[in-house]
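One structure below.
Coordinate-derived values only; no laboratory data. Small disclaimer: the values here were computed from a predicted structure and weren't measured. Here Cβ is always computed from backbone atoms with ideal geometry, including for glycine, and neighbour counts include all displayed protein chains.
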Amino acid sequence: MRGKDQDSTPDYRNQSDEELMIRARGGDKDAFGELVRRYGSKMVNLAYRIIGDRGIAEDVAQETFLRAYQSAPRYQTISKFSTWLHTIAINLCRNELKRRRNQVYSLEGMARKDDEKMRMDIADHHNKPDILYERKEIERIVLGAVESLPEHFRLPLVLRDIQGLTYEEIEEILGIPQGTVKSRINRARLRVKEMIEPFIDPYSRGSGDGL
Amino acid sequence: MDCKKVSDLLSEFIDGTLNEAERVEFESHIDQCEKCQRNLRNCKATLSILHSIESIAVPSDFTENVFKKIEAYETGKRALTFAAIAAFLRIHRRTILTGLATFALAFGIAVSVLYRLTSSDTASIADQAPTTDAYVIKEVVQPAVVPQDTAYRETDESLWDELRVRQERYVFPVSSENQPF
């Protein structure tokens, strides 16, 4: 049964995440397999939007499930499974980002490349304001803008606007007060908006919020 | 409410989490401020793009790879346990062997002492035991060897026999006291 992603044991399909996790805690690997199928895509996408490297994102997502499996005996049902899993994933992403920050040389190179690309995109647009940008191109620019945000803005923004979590869940995952979560998400959104405004609103020059 | 405040509350207005009073104030400002209207419109457009971004596809063998990692972890954990035990035995080899040898020796001695104590006869116990105990034991043992009555009888008879022999074979030596002058 394991390894066949398209097959999901019918008995498990109707069970909640928490029920499956309790089964997994008791050694039921098939129940855990169902959780992997439910959250595999979400975890890969979360890691990808935070780290920006698909291969590493898959590794981080797999590691997230391994850590969840290892920590299953300590899983408490008072915590929502998806929040608990996101917390593990976010911690692994932070570790990966920290590891990357330590690789000063390569990171500086990447940052320079990203900045140059962003500046070129904006300069191109300013030179040719009538260009109608394709939706895919806009998406790419938005994701580039998200990726260029500082970590303390990027994490809450990804959790809120890509993962679709609530403010309460983000507060629990990041371990910061809800007021701070709201403030950071607002500022992150405004920063992304400022970066992509030239592409979606040609008449917006000079309308920045000074953030 | 000024433009700065409106900018601070932009996200919450879009998410619909403002309280009624804040929402009324926010909308009142927006209605009159073209710059804030543009900000709100562009922020909504940005979020619309963000929310519609397609998820990247997950490889079909993702679940399988997760379980491979889990199996590797469990195998590694078992191997680590064996390795830890082997390392412990290797490091403490001398202590363990000395301990085992000492135990074996003590066990051997204990068994041998117990064997001797349980298999010896009463006499030997009496011999080894302290004097007072020996007396008691001897007192108990003695009657079993020869009945006292018989012994007395035998002794008396043998005395009389000896007397008879003396009477028959010898003349009683006459002491000087019995002789006539």
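Figures for the structure shown
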| item | result |
| --- | --- |
| From B:SER11, B:SER28, residue being among the hydroxyl-bearing types (Ser, Thr, Tyr), in contact (Cβ under 8 Å) with a residue 24 or more places away in the chain and facing chain A (nearest Cβ under 8 Å) | B:SER11 |
| Boolean, B:LEU18 is under 23 Å from A:LYS42 (Cβ atoms) and either touching an Asp or Glu at 6+ places or on another chain (Cβ under 9 Å) or in a helix (DSSP H, G or I) (or both) | no |
| Test: residue in region A:43-66 that is more than 10 Å from chain B (Cβ to nearest Cβ), out of contact with any Phe, Trp or Tyr (no Cβ under 6 Å at 6 or more places or on another chain) and free of Cβ contacts under 8 Å to residues at least 12 places away in the same chain | yes |
| Selection from region B:36-60 of residues that are out of contact with any Leu (no Cβ under 7 Å at 6 or more places or on another chain), surrounded by 15 or more Cβ atoms within 10 Å (Cβ to Cβ) and at the interface with chain A (Cβ under 7 Å from one of its Cβ atoms) | B:ARG38, B:ASN42, B:ALA45, B:THR46, B:LEU47, B:ILE49, B:LEU50, B:VAL58 |
| Contacts under 9 angstrom Cβ, first residue in region A:164-182 being small (Gly, Ala, Ser), partner assigned to a helix (DSSP H, G or I), 6 or more apart | A:GLY164/B:HIS51; A:GLY175/A:THR87 |
